[in-house]
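The values are calculated or read from the model by the stated rules, or taken from the named source; none is laboratory data. Every value quoted in this text rests on a predicted model; they were computed, and no experiment measured them. Here the Cβ is made from the backbone with ideal geometry for all residues, glycine too, and neighbour counts use every protein chain on show. For accessibility, only protein heavy atoms count, side chains too; no ligands or nucleic acids. Shrake-Rupley method; radii C 1.70, N 1.55, O 1.52, S 1.80 Å.
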Amino acid sequence: MSVRMVRAKIKADKAAELEKASKEMFTAIEAAQPQGVRYASCKLPDGVTYVILLGLDDDENNPLTSVPAFRDFQENLKTWIAEPPVVEELTPVGSYRLF
């Protein structure tokens, strides 16, 4: 199992567009119910920085890629980000229903 944290800063004029697309993507993920993944996105108080948490049971297989709305979101992300995202591997020490 792997856990990653992604920190991404979005262009201020794209924040509303990203939030709308994010909600649509999470609705599609909920409908598809992919197994072996935990995924969350949170906005920081500055309104343009997002922290994404991703937990995968199988590092070689991300079930989210089978959801068309997720793939579309990832493709559009290139136009929304203000700077390259920072990806960090996390080692869970404890978790309640998150990892």
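Summary table below
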{"item": "Enumeration of residues in the range 38-50 that are under 19 Å from residue 2 (Cα atoms) and surrounded by 14 or more Cβ atoms within 10 Å (Cβ to Cβ)", "result": "38, 39, 41"}
{"item": "Filtered residues of the range 1-57 (kept if in a strand (DSSP E or B), over 14 Å from residue 80 (Cα atoms) and among the β-branched types (Val, Ile, Thr))", "result": "3, 6, 37, 51, 52"}
{"item": "Any hit, the range 18-31, residues being touching a Gly at 6+ places or on another chain (Cβ under 6 Å), open to solvent by 30 Å² or more (accessible area, probe 1.4 Å) and under 24 Å from residue 89 (Cβ atoms)", "result": "no"}
{"item": "Pairs where the first residue, in the range 8-31, is closer than 16 Å to residue 53 by Cα and the second is at pLDDT 95 or above and in a helix (DSSP H, G or I), C-beta under 6 Å, 6+ apart", "result": "25/69; 25/70; 25/73"}
{"item": "Residue 89 being exposed (fewer than 11 other Cβ atoms within 10 Å of the Cβ), farther than 17 Å from residue 99 by Cβ and either of a type in the set (Gly, Ala, Ser) or modelled with pLDDT of 95 or more (or both)", "result": "no"}
{"item": "Candidate set: the range 59-75, residues that are in contact (Cβ under 8 Å) with a residue 24 or more places away in the chain and open to solvent by 70 Å² or more (accessible area, probe 1.4 Å); chosen: the one farthest from residue 38 (Cα to Cα)", "result": "72"}
